[in-house]
Amino acid sequence: MDRRSFLQYSSMAALATAMPRAVIASSHAAKRVDMTARAGKAHIVGPDFPATDIWGFNGQVPGSPIRLTLGETIEAHVHNKLKVPTAVHWHGIRLPNAMDGVAGLTQAAIEPDDSFVYRFTPPDAGTYWYHSHLNAYEQVGRGLYGPLIIDELEPPRVDRDLVWMIDDWRLLEDASISNDFGAGHDRSHAGRIGNVPTVNGRFKDIVKVRSGERIRLRLINASNARNFALSFGDLVPSIIAVDGQPVTPHVQTGPVVVGAAGRVDLVIDMTGDPGSSMPVTDSFYRESFDLVKWVYEASPMRESLLDTPIALAPATIPEPDISSVDPLNIVIAGGAMGGLRRARLDGQWMGLREIAQQGYVWAINDTVGNRLDMPPLLDVARHESVRFVFDNQTAFPHPMHLHGHHMKLLAINGEELSEPRWVDSPLLMPNSTMELAFVADNPGDWLFHCHALEHHAAGLGALVRVRS
Ligand code: C2O
Ligand code: CU
């Protein structure tokens, strides 16, 4: 056993002796998962090409799905067998700050050959994911991520529960990963947009289905920066959850948008004819393409569709009270074709050219978010309600992620949503605003950043401090 994990064990043991019996018992009930971050190979583009060298949890991409039932505790032993330090963030989970996995903020990086034990009890069911949170624009881009599913105590009846972890790779002709992580153009434009979109690590995958089958489809966008707008042809998907949290089931007309880091849960009745096939098509950017294809087996599963309820139990996140709270305006500026002229970098006002020479091109409220020890954008007492207005004054979309909390999305471009919904990574479109509110009930210093990972690396980040 290496030194750090030994120290953790010994301090845990010391704690355990001082704890009442019930706590000790529940500590034995934790589900142990071992995850080794290491190099591996993946057949991303099929048998005609060599396997791609990736970094993955247990050498795979995506890393194996972690599945818990609501109320279960996880104890994840992360072992680093990479040549570089890493850390694991549990995206969308409202967990204690010390378990959040942001190297340099909530923990020290896990050094090569070292280990770290994450232990927490997710408070909400739903679709989440885990990923590296150190030099994420490279480590996530090389494959260090996987699905994290918290099952409801009484999930709706479906025939199959599918997870589609969507990614977007930039591969060279020999199927190796292009090494230009954090390239200047990606930082100042749309982020690293690749040339090989995959579902569960496979390009142009085929998914066998049966006519009449009811599928719960969990979409998780693990791309560095690519956003998706998926069309399902003749199928009529119902959205039942967004960013892990339940919404009133509603039929989606038009494409299902999943921004980088976002999740959408759908229920789909497979209404195609036996023997037929149908692609799922993306159209977020100018050119559309087939992401994956459903292929129906020859025999139907059932003649008339299931008619059982698909609604999930409502979220149990505290409701903000915004009646007497002033909104905090959060202006996002910079990037190519943006109007940013000057901003503060390390506390100093500078012109954009000077800032760009240091690799930064974005600012939140005129401040470049280049450090984890910078003064917080927001400093609130625990249990206070917070109101945000995001104002995107740039030419690019930004999936804005707040750690440790879910925010209620109330309005887009000044127009109130008919059903406000909980989000952790809302996609803020160019020249748009979003109004959100939440209860700052989770103490600690939390990262708030754009999940286009190159944008974050280029300064699109800030801290939110919740005092205990
Ligand atoms: Cu998905 Cu800062 O994280
Ligand atoms: Cu961004």
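Run lengths n ≥ 4 of DSSP H only: what is the helix-derived mean residue ellipticity at 222 nm for the chain, with -39500 (n - 2.57) per run over all residues, to the nearest 500?
Calculated mean residue ellipticity at 222 nm is -2500 deg cm²/dmol.
Determine the per residue accessible area of the chain with all protein chains present and a 1.4 angstrom probe, expressed in square angstrom.
42 Å²
Work out from phi, with θ = phi - 60° and the Karplus expression 6.51 cos²θ - 1.76 cosθ + 1.60, the ³J(HN,Hα) of each residue of segment 241-248, listed in order in whole Hz, and give x for Gly and Pro.
For segment 241-248, the Karplus curve yields 7, 10, 6, x, 9, x, 10, 4 Hz.
Over the chain, what is the relative contact order in percent, taking alpha-carbon pairs closer than 8 angstrom and at least six residues apart?
Computed value for the chain: 14 percent relative contact order.
Based on alpha-carbon centroids, what's the gap between segment 43-84 and segment 102-170 in Å, whole number please?
10 Å
Check the chain and count each lysine pair with an alpha-carbon distance under 17 angstrom, considering only pairs eight or more places apart or from different chains.
4
Which is the longest stretch in the chain that no exposed loop site breaks, taking sites as GluC sites (Glu not before Pro) with a DSSP loop state and at most 10 other Cβ atoms within 10 Å?
Here the longest run is 1-172.
Just to be sure I understand: of the beta bridges DSSP finds with both ends in the chain, what percent are antiparallel, rounded to 5? Mind dumping the intermediate values first?
On the way: 93 of 127 bridges.
Antiparallel bridges make up about 75 percent of those DSSP assigns within the chain.
Report the one residue of Ile206, Ile166, Ala225 whose Cα lies farthest in the direction of the positive end of the charge dipole of segment 151-262 (charges on C-beta: Lys and Arg +1, Asp and Glu -1; origin at the Cα centre).
Final value for the positive-end residue is Ile206.
Using a ≥ b ≥ c from the Cα gyration tensor of segment 239-379 (square roots of the eigenvalues), is it rounded, prolate or oblate, where a/c under 1.5 gives rounded and otherwise the larger of a/b and b/c decides, a/b for prolate?
oblate
Let's see if you can work this out: charge +1 on each Lys and Arg Cβ, -1 on each Asp and Glu Cβ, no other charges. What is the dipole magnitude of the chain about its Cα centre, in debye to the nearest 20? Before the final figure, lay out each step's value.
Working: 41 positive and 54 negative charges, 185 e Å.
Dipole size: approximately 880 debye.
With a 1.4 Å probe and all protein chains kept in place, how much accessible area does Trp349 have, in Å² rounded to the nearest 10?
Answer for Trp349: close to 110 Å² accessible.
Any idea what % of Cα-Cα pairs in segment 342-396 are farther than 17 Å?
47 percent
Shape call for the chain from the C-alpha gyration tensor, a ≥ b ≥ c root eigenvalues: rounded (a/c under 1.5), prolate (a/b greater than b/c) or oblate? Don't skip to the answer; put the middle values down first.
Details: a/c = 1.26, a/b = 1.15, b/c = 1.10.
Rounded is the answer for the chain, as its axis ratio a/c remains below 1.5.
Evaluate the charge dipole of segment 391-468 about its Cα centre and quote only its size in Debye, nearest 20, assuming +1 on the Cβ of each Lys and Arg and -1 on the Cβ of each Asp and Glu. Write down the numbers at each step before the final one.
Working: 4 positive and 9 negative charges, 45 e Å.
Here segment 391-468 has a charge dipole of around 220 debye.
How big is the gap, in Å, between the Cα center of segment 256-314 and the Cα center of segment 362-401?
Spelled out, the Cα-based centre of one part sits 35 Å from the other.
Just by accessible area at a 1.4 angstrom probe, what is the order of Phe396, Phe228, Phe49, Phe284 from largest to smallest?
Phe49, Phe284, Phe396, Phe228
Could you derive backbone 3J(HN,Hα) for segment 190-204 from the dihedral phi with the Karplus parameters 6.51, -1.76 and 1.60 (θ = phi - 60°), listing whole Hz in sequence and x where the residue is Gly or Pro?
8, x, 6, 9, x, 10, 9, x, 10, 10, 6, x, 10, 7, 6
Of all accessible surface on the chain at a 1.4 Å probe, what whole percent is carbon and sulfur?
51 percent
The values are calculated or read from the model by the stated rules, or taken from the named source; none is laboratory data. It should be emphasised that the depicted structure is a prediction, and the values quoted were computed from it without experimental measurement. Heads up, the Cβs are rebuilt from the backbone with ideal geometry, glycines too, and the neighbour counts pull from every protein chain shown. Note: accessible area is taken over every heavy atom of the protein model, side chains too, but ligands, DNA and RNA are not part of it. Shrake-Rupley method; radii C 1.70, N 1.55, O 1.52, S 1.80 Å.
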